[in-house]
1. Working carefully through the options A:219, A:241, find the one that is within 30 Å of residue A:43 (Cα to Cα) and β-branched (Val, Ile, Thr).
2. So, in region A:210-231, exactly how many residues are closer than 15 Å to residue A:15 by Cβ, surrounded by fewer than 20 Cβ atoms within 10 Å (Cβ to Cβ) and not aliphatic (A, V, I, L, M)?
3. Would you pick out the residues in region A:47-57 that are closer than 13 Å to residue A:198 by Cβ and at pLDDT 90 or above?
4. List the helices (runs of 4 or more DSSP H) that sit entirely inside region A:1-91 and contain at least 1 residues that are over 17 Å from the mean Cα position of the chain (by Cα), farther than 30 Å from residue A:143 by Cβ and free of Cβ contacts under 8 Å to residues at least 12 places away in the same chain.
5. Give the residues of region A:104-130 that are among the aromatic types (Phe, Trp, Tyr), within 9 Å of another protein chain (Cβ to nearest Cβ) and in contact (Cβ under 8 Å) with a residue 24 or more places away in the chain, sorted by residue number.
6. In region A:109-129, what count of residues is obtained for those that are in a helix (DSSP H, G or I) and surrounded by fewer than 16 Cβ atoms within 10 Å (Cβ to Cβ)?
7. Counting residues that are free of Cβ contacts under 8 Å to residues at least 60 places away in the same chain, within 14 Å of chain B (Cβ to nearest Cβ) and over 20 Å from the mean Cα position of the chain (by Cα), which helices (runs of 4 or more DSSP H) fully inside region A:159-247 reach at least 3?
Amino acid sequence: MTSDLFRFAAPQAFFPLAGKLIPWFSVLAGVLTLAGLYVAFFVAPTDHQQGEAYRIIFIHVPAAWMSMFLYVVMAGWAGLGLALNTRLSGMMASAIAPTGAMFTFLALWSGALWGRPTWGAYWVWDARLTSELVLLFLYLGFIALKSAIEDPTRADRAGAILALVGVVNVPIIYYSVQWWNTLHQGASVSLTRAPSMASTMLAGMLLMALAAWMYSIATTLCRVRSIILERERDAEWVRMTKERAAA
Amino acid sequence: MTWGSVNDFLAMGGYGFYVWGSYGVAALCVCLEILSLTGHKEKR
């Protein structure tokens, strides 16, 4: 079993596996999104404090969760590459970054549109908001740094260090609502307390979060495949794969 | 069901701009990302 798993650490073995997994995760993402949207708009009740504006939560919270989670996974892959010098790790980190950046942007965007009707401002320099903005800059910095260095091995190493240093920002985002007096509300869902929301609202949020997970896996696998082809273009197996695809 | 009509649904209790602004941009981002990924493949 362990040796089987390690076999897929080779780009050559991982490439076809990723190709086989993409349709499954794509279909799951689509089905879960439809189910999530149905619950979000037709099952979940109107919030008695915020009216219908609260429905932004079904985009906002999953996007914010993914933005932090994907950063940790990206830094994990980058760190693994730094420690073990495995080729696939750096490629996985690169493949995750654009999706992570997209979710960070969406968390900020939907947050701004939610803040305006509830707080009266699109943006405030609040601890939660500011640290999430820093996360967006970390993703963009990671992408820019990697694309600025031509040698892929050096790009992986430089990117890994940036990603690992930046990981300190994730707990700051997560605990910002406890550590500082912020305008942003505290967590509605936690592992230790009962959630402070209607169960249908929670169900919608979890469905959308699961959809975001499946979507992220599908896009990452899709992107890592094109990165593998790009980086291993001189390898015999890539030439053979391309010939077979062209035939 | 909370909605009496389609207009009711679109109005989102007066918060239509904020709600649909969030969902619209999210859909746009997802579509652009999927397009960039699948378009890339066809070129090869």
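The values are calculated or read from the model by the stated rules, or taken from the named source; none is laboratory data. These numbers come from a predicted model, not from an experiment. Quick reminder, even Gly has a Cβ in these numbers, built from the backbone with ideal geometry, and neighbours come from all protein chains shown.
1. Just a single option satisfies the conditions, and that option is A:219.
2. Residues in region A:210-231 being closer than 15 Å to residue A:15 by Cβ, surrounded by fewer than 20 Cβ atoms within 10 Å (Cβ to Cβ) and not aliphatic (A, V, I, L, M): 3 in total.
3. A:54, A:55, A:57
4. Correct list: A:2-7, A:11-38.
5. Hits for region A:104-130 are A:105, A:114.
6. Of the residues in region A:109-129, 1 are in a helix (DSSP H, G or I) and surrounded by fewer than 16 Cβ atoms within 10 Å (Cβ to Cβ).
7. Hits in region A:159-247: A:236-246.
Okay, residues lined up against (1) among the charged types (D, E, K, R); (2) over 15 Å from residue A:59 (Cα atoms):
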{"site": "A:100", "(1), (2)": "no, no"}
{"site": "A:106", "(1), (2)": "no, no"}
{"site": "A:119", "(1), (2)": "no, yes"}
{"site": "A:143", "(1), (2)": "no, yes"}
{"site": "A:146", "(1), (2)": "yes, yes"}
